Amino acid sequence: MTRFSRFGDVGQAFPIYIVVVAGLLFLAFAYLAVGQAAANRNGAQTAADAAALAAAQEARDQLTDAWIEVVLDPDEWQDIFDGNAPVVDACGRAYELAAMNDAEATCNWDSPLRVHVEARTNKPVGESIVPGTEGKKSTETATAVIEPRCDFDPLGAGADDDVLPSLRCDDGEVWELDPEDLVDLPKPEDLFDVHLAD
C-alpha cells in the first residue's frame, strides 16, 4: 500500500515539474528578448553619440581655420568664437560615424555651436517571444556642444596694428600672439571644447 502511494505522489509531481520548467524557460526567453532590445538600443545610442561628437569636432576644426584666416583682425575674433562663421557639411561626418556604427542618422544644428543627431539602427531587434519586435529598430538621440575655451580683451579703436590681444584659456594658458611670427598658434582643441550635452 505504501509503495503505491509513493508512486502516486511522483505521478502528481510530474505535471508541477513540467509547469515549473516551462515557466523558467519562458522567463529565460523573456530575459533574452529584453537583452536583445537593450543591446539594440545601446547600439543606437553609441551611434548617436559618436555622430554628434564627430559633427561638432568637424565644425570646431572649421571654426579654428576661420579664426586663423582672420587672426590679424581681432575685430573678427568674437564672431568666430560665437560660431558665426561658415561651416561646410559638418553633418557629413555625423553620417559617416553613424554608418560605421551600423546606423542611419539625421543631423541638425540647434544653434551655431550645438548639433543634435538622431540615430536609427540598420538591424532590427530580431525575433523573440515578444510579438511585433522582429522588424523594430531602435532610435536614440544625442546633442553635442562646442564651447569656446578662450577669451580676450578687444584692443579698441586706435590700437596698434602690431599688437594682438592675448588669448586667456580656461586651462590657465595664455597665448601671446606676435603678428610678425604666427607659427605657433592654438590648435582646435585649445580654442574650443567639444562634449555631449548633459
With label points set 7 Å from each Cα along the Cα-to-Cβ direction at W109 and D190, the distance between them in nm comes to 2.5
Stretchable slack from E173 to E96, in nm (0.36 nm times residue separation minus alpha-carbon distance):
24.3 nm
What's the exposure ranking of E104, E140, going from fewest to most Cβ atoms within 10 Å?
E104, E140
Residue exposure sequence - E58, E173, E96 - by fewest surrounding Cβ within 10 Å
E173, E96, E58
Added length on full extension, which subtracts the Cα-Cα distance from 0.36 nm per residue, D151 to L72:
26.8 nm
Using 0.36 nm times the number of residues separating T141 and D89, minus their current alpha carbon distance, what extension gain do you get?
16.8 nm
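Values in this text are rule-based calculations from the coordinates and carry no lab data. Predicted model, so just to flag it, every value in this text is computed and none were measured. We place every Cβ from the backbone using ideal geometry, glycine too, and count neighbours over all the protein chains shown.
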